[in-house]
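Have a look at the structure below, then the notes.
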Amino acid sequence: MNEAEFGQVDIADVPTTFGPGAILLDVREDDEWARGHAPEARHIPMGQVPARLAEIEVDAQVFVICAAGGRSQRVAQYLARNGYSPINVNGGMFAWVGAGRPVVTDDGGPGVV
């Protein structure tokens, strides 16, 4: 695997829970996050990732998600070039919702994508 390569997974292969070894990194904008996100996701908007790289554990399995998969793919490429082993989530949050996975707001209420 060269330095810019990264994994791709379909929503069926994304874990349903996340913890110390696996992170779901949501790179959508603040307004998209506020409407609804995965319950255990970590939010760093795409444009802030370079400045906030230290917040992402380099040895964790990082699943990168956005709305449909485009922004997360660019972030995954960036992370791969910086020593991470990211995995892009194909279909993004639209696929997440389509698979019947939960979406919440910051206060724990039901969210939308």
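The values are calculated or read from the model by the stated rules, or taken from the named source; none is laboratory data. None of these values were measured; they are calculated from a predicted model. Cβ: placed from backbone, ideal geometry, glycine included. Neighbour counts: every protein chain shown. Please note that ligands, DNA and RNA were not included when accessible areas were found on the heavy atoms of the full protein model with its side chains. Shrake-Rupley method; radii C 1.70, N 1.55, O 1.52, S 1.80 Å.
Regarding Phe94, is this residue of a type in the set (Phe, Trp, Tyr), under 17 Å from Asp10 (Cα atoms) and surrounded by 18 or more Cβ atoms within 10 Å (Cβ to Cβ)? Criteria not met by Phe94. Output yes when any residue across region 17-26 is touching a helix residue (DSSP H, G or I) at 6+ places or on another chain (Cβ under 7 Å) and of a type in the set (A, V, I, L, M, F, W, C), and no when none is. Within region 17-26, not a single residue is touching a helix residue (DSSP H, G or I) at 6+ places or on another chain (Cβ under 7 Å) and of a type in the set (A, V, I, L, M, F, W, C).
When every residue of region 50-70 is checked against the conditions, none turns out to be buried (at least 20 other Cβ atoms within 10 Å of the Cβ), on the phi < 0 side of the Ramachandran plot and of a type outside the set (A, V, I, L, M, F, W, C).
Determine, yes or no, whether Glu32 is of a type outside the set (Lys, Arg) and open to solvent by 80 Å² or more (accessible area, probe 1.4 Å). For Glu32, the condition - of a type outside the set (Lys, Arg) and open to solvent by 80 Å² or more (accessible area, probe 1.4 Å) - is not met. Within region 16-24, one or more residues are over 14 Å from Met93 (Cβ atoms) and aliphatic (A, V, I, L, M). Filtered by the rule that a residue be farther than 13 Å from Trp96 by Cβ, surrounded by 12 or more Cβ atoms within 10 Å (Cβ to Cβ) and among the β-branched types (Val, Ile, Thr), region 1-29 gives Ile23, Val27.
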